[in-house]
Structure formats: C-alpha cells, structure tokens
Amino acid sequence: MSVILKAENISKQYRLGNVGTGTLGDDLKRWWYSIRGKEDPFLKVGGVNDRSAKATEDYIWALRDINFEVKQGEVLGIIGKNGAGKSTLLKLLSRVTSPTTGSIKTKGRIASLLEIGTGFHPELTGRENIFMNGAVLGMTRAEIKAKLDEIIAFSGCEMYIDTPVKRYSSGMTVRLGFAVAAHLEPEILVIDEVLAVGDAEFQKKAIGKMNSLSKGEGRTVLFVSHNMASVKSLCDRGIVLENGLSVYEGGVEKAINFYLSNEKRIIPKDLSTVENRSGTGLAKFKSFEIIHTNGQTIENVLSGDTVIFVFTLDIINPNKNLNVDLGFSIHSPDDELISVLYSSYQNEMMQVEEDGRCIIKCKIADLPYNEGEYIVKGRIECDKVESDWPKVPLGKFNVVKGDFYKTGNLGFNGKSKLLIKGEWDLIN
Amino acid sequence: MKQPENDWLYEISPKRKVIDLNFKEIWDYRDLLILFVKRDIVTVYKQTILGPLWFFIQPLFTSVIFTLVFNNIANIPTGNVPPFLFNLAGITAWNYFNQSLTQTSSTFRSYAGIFGKVYFPRVIMPLKTVISGLFKFGIQLSILVIFYFYFLFQGYELQPNTNLFLFPIYVLMMALLGLGAGMTISSFTTKYRDLTVLVGFATSLLMYISAVPYPLSEVSGKIPELAWLVKYNPLAQIIEGFRYMLLDTGVFSWSGFFYTLAFSISLFLIGLVVFNRTEKNFIDTV
C-alpha cells in the first residue's frame, strides 16, 4: 500500500496571552530578522504545552516535531488527553491554519469533520443547506445532487426538508449536518469525535456509517477521540500525543495501553498516615492500586476489561494466626454506593501468619461499570472484629467505555452506572 | 517503494511564495461561490416587508439631500442634466464601490467562524461579496433608468454617450478597486484592528474627493491647487466617466481611463497577494 499522507517535522507555535503592543514589538523584531535573512528568533523559544503547569514563556509549542505517515486505506487513531495537541494537528491537516515549521504532503483531498453543519444558514431550508454545507466541505453541485436523496433519508428529516433550518430542533440540525458530512467522498477523512451527537438511534447509525466508510469502502481515515473503545474498534494504528509531542506510534492496542498507563504516572497514596480511621489496627491499609493483567499500574480502565485490585496491608500479629476478611466498596463521585465485596462473601478468609507487610489481590473480570469516575473505600475485619476502617477513600479509578459485551458494540446508554449482559432466547 | 516528490496533490507548509494563487482550485470551488452569492441574495430580505425595495430608498433619499444641499444651496451647476439625476447616477456608482470595499474589508473577521472550521480558498468570500453586490447595484441601476426616462419625458434632452460600451469595464474597475482595497484592509486588520476604525469614516470622506456630488470641472475651476487630489483619484475618474457615458456630461479622457484601469488592476493584485499571505495563519490571531 502506498503512502497517501506524510507529515514531516510539523510544529505549531502559539503566542500566549493577549495580542497587543507586545506582539507588535515581536512582529517588528521578527521582520527585522527576516529582512536580514536570519531565522525567526521566536522559533527558538517556547515552552512545552503542559496545561497543568504555569506558563513561563510567551510562546508555546502546541505541537513539536510530529512525524507520521498514513497509508492508503488505513485508519489511524490519534489519542491523547485534553491539550495534548490533537485538535491543533487536525486544524493543520484540514488546512485551517498552517504549521510553523515542517510540512504535510498529501495525495488526496482531505475533508474534515471537525464541526458538522458548517455553513448552515438559519434562513435557508434544509435542502438549500445541504447544498451549502456540501459545497463548503468541497463537494461539487453535481456530486451533492447525485446523493441528495440518500442524504435526506440518512438525516431522517424528510418532512422538514423544505423548512428553514432555524425552525429545526438542535438535534435535527446536527443530524442533517452529519448526514452531509457522512456522504463526502474525499480520499482522506479527518474525524474529530463527531460521533458524540444525536440520540442513541442516530449514534448507532453514525457509528455504523463510520465503520462502513473505513472498513467497507477502504477509505483512509484519521480518527481523533477520547473514546478508547471506538478507537480500538475502528483503527488499525494509533499515535499517542502528550504535551504536543508524539510519544508513541504503533498498533492500536499497544497505543491504547500506552495511553492508559501513561496518562498519569500513578503513585499509590500512603494510607498508613491517615488518622481518621477506626478499628483495632491489627491489619491496616498501607496502599491501594489497580493493575492491569499485564502488571502495569493503571488509573483508567476499560469497561469489560479484567483488572486486579491490589491492597497492601500492614500487619501487627500477636497470635500468629489472623483471619483477615478484606472488604471494599465502590462509590460514585457523589458517594452513592454501587458495589460492596468482602472476601468472606465468597468464603475466602486470608490466613496471615506473619508480621509485617502482606499484599491481597482481588481480580475482577469483565468490569461492569459504565464510563465515569469511581471511588474505592475499604474496611478490614480480623476474626469478625473491625480491624481497620479508614474514613477516606483508598483510591479512585476512571472507567473508559470499552467492549463490555464482547461484541464491538459499546452500548449507548451513558446514564446507567452498572452494565449487565444476558443470554437471549426467542421462544416461539 | 520510491515515489517522485511531485506526486503529491498538495503540500501544507509554512513557506510563503509571493504569489501563491491556485486558480484551478478556485475554479474547482465555483459551485461554492455560486451558492454563497445565492445565499446572500436570498437571505437579505427574508422576513422583511418591503424586501428589495429597501435598496431603492437609500440612494433616493441621499440624492434628494445632495440635490438640496449641493445644487439648491451651494449652487453647483450640473449642466443640462437635472441635478437629481446627476446625483443619483453618482451615488449609484459610488454605492457599489463603497459596499464592495466595506464588506470585503471585514472578510477575515466576519467569516472567522467558518474559516476556522473548514478549508476552501479564502478568496471565495471577498469574491462572492462583490458578485452579490452586483445584484444590489443592478436594482439601483434600474431606478436610475426609471428616473432617466421620467426626465426624458419631462422634456430634458438626455442622451447616453457612445462610451456606453465601456459600461462593463467601469463596473469591473469599481469591483477591482473595492476588492483590492478591501482585501488589503482585511488582511491588515486580522492582527491589529486599528484600520477598521478608519474604514468607516475614511470611505465617507473619500466620497467627497471622488466627485460624487459635483462634476470634475468644478474642482479645477474653483480650487485649482487641490485639483490633483480629485484628478488622480481613480474613483473620481470612474464616477465622472460613469456619468459621462450615461448622461453625456463632464469630461472624459482616454489617458484618465487607462490610468484608472491600470490602477484598479494593480490594487487588485496587491490586495490578492496580501490576502494570500494572510489567509494561511490568520485564524491564530484574528
């Protein structure tokens, strides 16, 4: 397969703060350097794009020396947390702005779905807006005309197609916009989380369309998302961006693992210093972490994945035989109790025979939580007597939508906390 | 796998050539241009009662005021031509230029939203402004024609000139001047907005040195030391030439005509180059 898009050393610099007299000074300096044939002095400065730190310089590199190639028919996922430079990269790719250094070469038309419904005019009817929007996205009138019926049918707005768009509900506007965008036929398609629109039924349709575009029609797609599950199901390869730098490039599975483990370098909290706790103190929580089956400490888990909760305990053991019953509970951020599990529920008693430190692991397969943040609390009983109950959380974790049903289908109800699955039968 | 470099369809890079115009690309987007023009025309009078009639009102009232002030009070002679018609002709031409200039001069800022989301040749936007302006110009021209016949039936001896065949060129010159100046201003205002403040009152002042409410000959007669200001003003040449061909009044010279044509084309090209240099990165600063 041939290379259809090639990015070489692309960087983008932005100026922080307001454009004012300061920028005029910099512009004059830049101009003075350029007429003497020297390099732009401000390209040498600029901080790393770390949003958590306080800015120390006036210029910042939103992207720094990004290199990648995309082959014909490939679906490339671009992942990274907020502020990693994903959107900047997309802006460069869609030619909204140009890079400060480096170049992007392409062999095909690039169309981007950064925002849908661009160019919609509220006074025009749906039909007129389809033409308008299509033309803005680079289609010719003839191309739109050929697909008009298909677009209208896809949008599900047949009834209102000759009504001005300002009378549409916001959902209808979005659907119409997506319908136009989905019927574009560029060689390279750039998609930025447009899937997060519309109702469940429409999302399903949209994801199906995305799938058929990339898998069925062999379109080259660059896909940017926070949603690891859809990245996993759509993409072949992934690039992980962090603070404007490309930190990983490779197969999509590995890229996602890299991203999940790398997003925060996790230091387990030292729980032994917590004062606010009750119990005899024979066995006390020392630390808590969640690890992936590959042994890496993680804070982000995919729903449906298998994870291991690791509790490290400090033991003061006077009678050399302690029956430890470890329990933990999982809460939503607003402290709603979701699950409780004690080892005794499963008739598992941990027999601890020595002083010092011990580690108790609990493997949870097919994690049934929907995306969101979860808090873990814990309590220990030794021989039916409360040994330790810290009143603060042991830790927390973040669930990212994953393939819980093992079908590639993510489910669409974002509101329910707990995922269930069943076996289905039809009896006639 | 080796591939020749020139295989690439296009390259996105920070390099700036002086003239980096891709006419083929603009041609590819012609449908978009047409749609924008249509959209402009259709949406202007949605939900108005008088609709396109509003286009009549402004030039008519301005002409009445000009006639009262300049001809009845200041006694500026207009030859055989009724003063009202004289003013109306000048204002019609001036309006087209003025509209082209003021609307294109805010291109980057008013369309920042759409420019920030998708790529298409940016120059489409000023072009569509000038083209849809033609529509308004056409309507205003039609009322000029109506009054033309009205005064003809009133017994005035009115006659267009053989220069009338230059009409399309005059329109083109107005468009080019408006575009050129507008695109330049628009490019300079993406980062520093100072010029926008200027545009509003500069255009209204410009009107007075562009021979709109008086004939060119009046200036050289009454204030000869400032006559150059009007004489070398391409707009004054256009307005005067416009009235000359329609009403056969005033002076016309081929040297003035070609001077204006050359000026318009140069200004347009300058505007295009400046606009092109700006369009790549303006979204970062606008």
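A short reminder: the numbers here are calculations on the coordinates, not readings from a lab. Worth saying up front: this structure is predicted, and the values here are computed from it rather than measured. Backbone-built Cβ (ideal geometry, glycine too); neighbour counts: all protein chains shown.
List of remarks:
- Rounded to the nearest 20 debye, the dipole magnitude of the range A:271-400 is 260 debye, with +1 charges on Lys and Arg beta carbons, -1 on Asp and Glu beta carbons, and the Cα centre as origin.
- Given A:Lys232/A:Lys417; A:Lys107/B:Lys117; B:Lys136/B:Lys222; A:Lys396/A:Lys417; A:Lys204/A:Lys406; A:Lys86/A:Lys401, the pairs whose alpha carbons are separated by over 27 Å: B:Lys136/B:Lys222
- Among A:Leu113, A:Leu282, A:Leu241, the largest mean-square fluctuation in a Gaussian network model of chain A, built with springs joining Cα atoms closer than 10 Å, belongs to A:Leu282.
- Distance in nm between pseudo-label sites at B:Ala112 and A:Leu341 (7 Å out along the Cβ direction from Cα): 5.3
- Calculated FRET efficiency for the pair B:Thr43/B:Ala227, C-beta based, R₀ 60 Å, to 0.05: 0.85
- Scalar couplings 3J(HN,Hα) for the range A:69-85, obtained by applying the Karplus form with A = 6.51, B = -1.76, C = 1.60 to θ = phi - 60°, are 10, 10, 8, 3, x, 8, 10, 9, x, 10, 10, x, 6, 4, x, 7, x Hz; x denotes Gly and Pro.
- With respect to chain A, whose longest principal axis is taken over its alpha-carbon atoms, helix A:141-155 is tilted by about 30°.
- Gaussian network model of chain B, Cα within-10 Å springs - most flexible of B:Phe97, B:Phe268, B:Phe167: B:Phe167
- For A:Lys320, the aspartates and glutamates whose Cα comes closer than 13 Å to its Cα, not counting residues fewer than 8 places off in the same chain, are A:Glu353, A:Glu354, A:Asp355, A:Asp383.
- Each label was represented as a point 7 Å from its Cα along the Cα-to-Cβ direction; for A:Ser332 and B:Leu195 these points are 5.5 nm apart.
- On full extension, the segment bounded by A:Lys391 and A:Glu348 gains 13.0 nm, given 0.36 nm per residue less the C-alpha separation.
- Degrees between helix B:194-208 axis and first principal axis of chain B (Cα, 0 to 90, nearest 10): 30
- Spin-label zone in the range A:309-335 - amide nitrogen under 16 Å from a point set 7 Å from the Cα of A:Asp355 along the C-beta vector: A:314-322
- Take the Cα of B:Phe153, step 7 Å toward its Cβ, do the same at A:Asn323, and the gap between the two points is 11.5 nm.
- Highest mobility in the GNM of chain B, judged by mean-square fluctuation with C-alpha springs under 10 Å and restricted to B:Leu134, B:Leu68, B:Leu269, is found for B:Leu68.
- Options A:Ile116, A:Gly77, A:Thr106, ranked by Cα towards positive dipole end of the range A:69-261, top entry (Cβ charges): A:Thr106
- A:Lys384/A:Lys254 FRET efficiency (R0 41 Å; Cβ-Cβ; nearest 0.05): 0.30
- Note on the range A:69-261: with charges restricted to the Cβ of Lys and Arg (+1) and Asp and Glu (-1), its dipole about the Cα centre is near 240 debye.
- Hydrodynamic radius (Kirkwood) for chain B, which is based on Cα pairs only, to one decimal in Å: 20.6
- From phi via Karplus (6.51, -1.76, 1.60), per-residue ³J(HN,Hα) for the range A:385-402 in Hz, x at Gly/Pro: 10, 4, 9, 8, 9, x, 8, 10, x, 6, x, 9, 8, 10, 9, 10, 3, x
- Under 13 Å from the Cα of B:Lys231 - aspartates and glutamates, other chains or at least 8 residues apart: B:Glu218, B:Glu240
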